[in-house]
1. Across the range 117-130, in residue order, what do the Karplus-derived ³J(HN,Hα) couplings come to in whole Hz, using 6.51 cos²θ - 1.76 cosθ + 1.60 with θ = phi - 60° and x for Gly and Pro?
2. What's the center-to-center distance, using Cα atoms, between the range 62-140 and the range 275-313 in Å?
3. Looking only at the range 245-264, which residues have a backbone nitrogen under 19 Å from a spot 7 Å from the Cα of V130 in the C-beta direction?
4. Mean shadow of the range 56-137, computed from the convex hull of its alpha carbons, in nm²?
5. Using 0.36 nm per residue of separation minus the Cα-Cα distance, give me the extension gain between D311 and L109 in nm, one decimal.
Amino acid sequence: MLYALLALAAGLPLLIWSADRFIGGAAATARNAGMSPLLIGMTIVSIGTSAPEILVSTMAAFEGNGGLAIGNALGSNIANIGLVLGITALIAPIPINRQLMNKEVPLLLAVTLLAGYTLYDGVLTLMDAVLLFAALGVTLWLLFRNPDVLEANEDDEIPDYTPRQAWIWLVIGLVLLIASSRLLVWGAVIIAQELGVSDLIIGLTIVAIGTSLPELAASVASALKGHHDIAIGNVIGSNTFNLLAVLPIPGLVAQTSFEAAAFSRDYLSVFILTALLAIFLLWRRHTRLTRFEGFTFVGIYIAYLAWLYRDTLYPVVN
């Protein structure tokens with residue numbers, strides 16, 4: 001148990017640090033190869049922010065812990081809205097790019113409904129995984145053909161690495177990402193077994209919050225610097241990629257059965273928070289996500305954690 005706690009304590013910060021280095025190295029390599037900042041922002045950087053979730057889910061799936069992988073994807077989406085957006089809005093109201101939100105938010109809602117369809121029967125199959133990955137391709141195509149989204153995602157913070165430095169950080173970041181993901185999954189599974197809770201619960205809490213820390217740190221830093229609008233775009237993009245690139249991974253490895261609560265409790269929470277975000281962004285007259293709405297998100301997240309705690313103490317027998 002002690003070694004598992006140490007693995008968790010070491011794995012989380014190493015995962016976050018290596019993901020940052022990997023994204024920076026990949027973006028700089030692409031720029032040095034002649035890719036435009038717009039294209040880099042839409043591909044490498046956007047998908048790269050989900051690298052911790054993708055690597056953790058892949059490791060968990062190959063080690064036979066599909067519940068942890070599914071919990072990681074769903075829990076990260078819950079944390080991104082309830083914790084990341086909630087805390088950011090509490091620090092300062094977040095301005096809303098209405099033109100952008102009118103296109104990206106409906107897309108996130110559609111993706112969330114599609115994810116619910118694949119999870120409804122309690123089994124994630126190869127066909128479900130293929131369907132989600134196909135939707136990822138369609139989503140990327142829709143984003144690429146939307147000039148407003150391309151303009152909004154232009155990245156001006158690509159590290160100024162030489163080609164040699166970029167390749168070094170790309171390789172080091174990837175190696176450490178894989179190692180830290182494996183360490184994190186091992187520690188999380190051991191702790192779950194020692195505490196007698198499911199790997200789904202561990203994925204929904206410790207692992208999901210840990211892999212959402214980069215988004216939380218970036219959003220809070222943006223709010224403190226006055227770049228509040230970045231937070232919403234990051235969360236919407238991250239949640240979309242989590243459902244389309246992270247969630248299907250267990251289904252690609254093997255047909256994965258999971259607890260009924262993953263749909264009735266966890267997916268339902270994802271849907272409620274996503275729908276509430278859409279209401280706040282699309283059907284309100286003001287152009288800011290207010291502190292009251294941030295408080296609402298944080299309150300729902302705390303209530304969700306209490307729900308998880310109750311289910312851990314008094315598990316429902318299926």
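What follows is calculated from the coordinates using simple rules that are stated; it is not laboratory data. On a predicted model such as this, the values are computed, not experimentally measured, just so you know. Counting neighbours? That spans all protein chains shown, and the Cβs are built from the backbone with ideal geometry, glycine included.
1. Computed from phi, the couplings for the range 117-130 are 4, 6, 9, 4, 8, x, 9, 9, 9, 4, 5, 4, 5, 5 Hz.
2. Each part's Cα centre sits 15 Å from the other's.
3. Answer for this model: 245-257.
4. 6.7 nm²
5. Difference between extended and current length: 70.0 nm.
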